[in-house]
């Protein structure tokens, strides 16, 4: 018991010293200067969802497999044909970005985008109804001079960012 307390205390002190090292070292930076610098994401990154409504067969497998209960099927009426179909809707307050819905979709109607940094002013905007899910997520970057960087581990400096 005493050994565990001493061990925990040691790790807390070590974490505090690491934070102080980065705080008082002017040349070492571990944060990204967003939105001036954008992190280049890997190819298999799991971002927000987009729906191709022409491929959706309304099977409901996506909502059944979702472990967080973020997907639900709602009726959607097409204005041109007056056809009514069930389509998924996403509640991003619950979504854990596991990608199970994309993996199980037999018609490949759902796809993962590379957008992960969408911001909302109101919590209700986190609910993506069918129309918004079809158009997909969009973000507006305020900075036009943004550049992409990749993260690397340096033995001395720790996490560093290199321009692409």
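What follows is calculated from the coordinates using simple rules that are stated; it is not laboratory data. Values in this document were obtained by computation on a predicted structure and should not be read as measured data. Cβ placement follows ideal geometry from the backbone for every residue including glycine, while neighbour counts extend to all protein chains displayed.
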* Added length on full extension, which subtracts the Cα-Cα distance from 0.36 nm per residue, residue 157 to residue 117 -> 11.7 nm
* **GNM flexibility winner over the chain from 138, 108, 33 (Cα, springs under 10 Å)** => 33
* Just from its helices, what would the mean residue ellipticity at 222 nm be for the chain, if runs of 4 or more DSSP H residues each count -39500 (n - 2.57) and the sum is divided by every residue, rounded to the nearest 500 deg cm²/dmol? -> -7000 deg cm²/dmol
* Asked: Stretch residue 45-residue 164 to full length: gain in nm at 0.36 nm per residue minus the Cα-Cα span?
  -> 41.1 nm
* To do: Give the order of 81, 18 when sorted by the count of other beta carbons within 10 angstrom, beginning with the fewest.
  => 81, 18
* Asked: Which of 79, 111 comes first, and how do the rest follow, when ranked by fewest Cβ neighbours within 10 Å?
  -> 79, 111
* Compute the distance in nm between two label points, each set 7 Å from the Cα along the Cα-to-Cβ direction, one at residue 125 and one at residue 23. => 3.4
* **C-alpha long axis of helix 2-24 to longest principal axis of the chain, angle in °** => 90
* Structure fact -> Contact order relative to length for region 108-164, counting C-alpha pairs under 8 Å separated by 6 or more residues, stands in percent at 24
* What label, among (i) 27; (ii) 31; (iii) 52, belongs to percent of Cα pairs over 25 Å apart computed from the structure on display? -> (iii)
